[in-house]
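One structure is given below, encoded as structure tokens.
The values are calculated or read from the model by the stated rules, or taken from the named source; none is laboratory data. Note that this is a predicted model, so its numbers are computed, not measured. Neighbour counts are summed over all protein chains in view; Cβ atoms, including those assigned to glycine, are modelled from backbone coordinates with ideal geometry. Surface areas here come from the heavy atoms of the whole protein model, side chains and all, with no ligands, DNA or RNA. Shrake-Rupley method; radii C 1.70, N 1.55, O 1.52, S 1.80 Å.
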Amino acid sequence: MNLPVKRYAVAVIVALGISLAPEALRTSEEAQVKIATWEDCRATPYRDIAGVATVGCGSTGNVQNRLYSESEVAKRWVNDLRHAENCINQNFNGADMPQSAFESMTDAAYNLGCSGLMWFKDKNGTRQRTTIWKLAQAHQWAPVCDRLTDFVNSSGKRVQGLLNRRTDFKTWCLRDVEAQR
């Protein structure tokens, strides 16, 4: 079934998500709008650059080929962002991060998935911890921000849009980090 492309305004989805689940997220409304703006916020399913079925503002779990309501998209947004925040809190010392670093890392976990932010395979195919994970364990927030631009590939290929997104969030990340120096 071919559905017409229908997009939702990012600010509407974020505001609705906040109203449906107030206090559910640490990520500020401003940062949520920033994260969602980098996604393609649609009511109808689409394939992302890696070919993954996606709906709403970058939601990839259990996507059905149907029209999604604003409320459904907003609920998916909050749920997915909560998972990304939990990843950062549980694996990257998120509770200790300055706010802008937490939000930037949450964007990376939202976009890459938690595992993709924590692990990579070396040339021998052995799983290794990422440098950004190691830096977060050491509470080295400025270098954490600097390493965001390591994650610019999709399906093994460098993607300019990902480089642009990571560069944008690197600048965002350093806002509070540099203020603490």
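Here are some notes:
- Total lysine pairs whose alpha carbons fall under 19 Å of each other in the range 119-178 (8 or more apart, or interchain): 4
- What you get for the chain, charging only the Cβ of Lys and Arg (+1) and of Asp and Glu (-1), is a dipole of about 680 debye around the Cα centre.
- Label separation (Thr37 vs Arg7): 1.4 nm, computed from points 7 Å beyond Cα along the C-beta direction.
- Value at 222 nm in deg cm²/dmol, rounded to 500, when DSSP H runs of n ≥ 4 in the chain each add -39,500 (n - 2.57): -16000 deg cm²/dmol
- With semi-axes defined as the square roots of five times the eigenvalues of the C-alpha gyration tensor, the equivalent ellipsoid of the range 1-153 measures 28, 19, 11 Å, largest first.
- A crude spin-label estimate for the pair Thr149 and Lys123, with each label 7 Å from Cα along the Cβ direction, gives 2.4 nm.
- For a paramagnetic label modelled on Val52 (point 7 Å from Cα along Cα→Cβ), amide N atoms under 12 Å away belong, within the range 103-136, to 108-117.
- Listed peptides 72-84, 3-15 appear in the order 72-84, 3-15 once ranked by packing, highest mean of other Cβ atoms within 10 Å at the front.
- Mean shadow area of the range 49-100 over all directions, Cα convex hull, nm²: 4.9
- Nonlocal amide H pairs with Cys57, under 5 Å, H built at 1.01 Å: Arg42
- Per residue accessible area in Å² of the chain, where ligands, DNA and RNA are left out and the probe is 1.4 Å: 51
- Taking 7 Å steps out from each Cα toward its Cβ at Thr44 and Ala21 produces label points 2.7 nm apart.
- Accessible surface of Phe92 - all protein chains present, 1.4 Å probe, nearest 10 Å²: 0
- Compared with the direct C-alpha span, the chain from Arg66 to Asn79 gains 2.7 nm at full extension, assuming 0.36 nm per residue.
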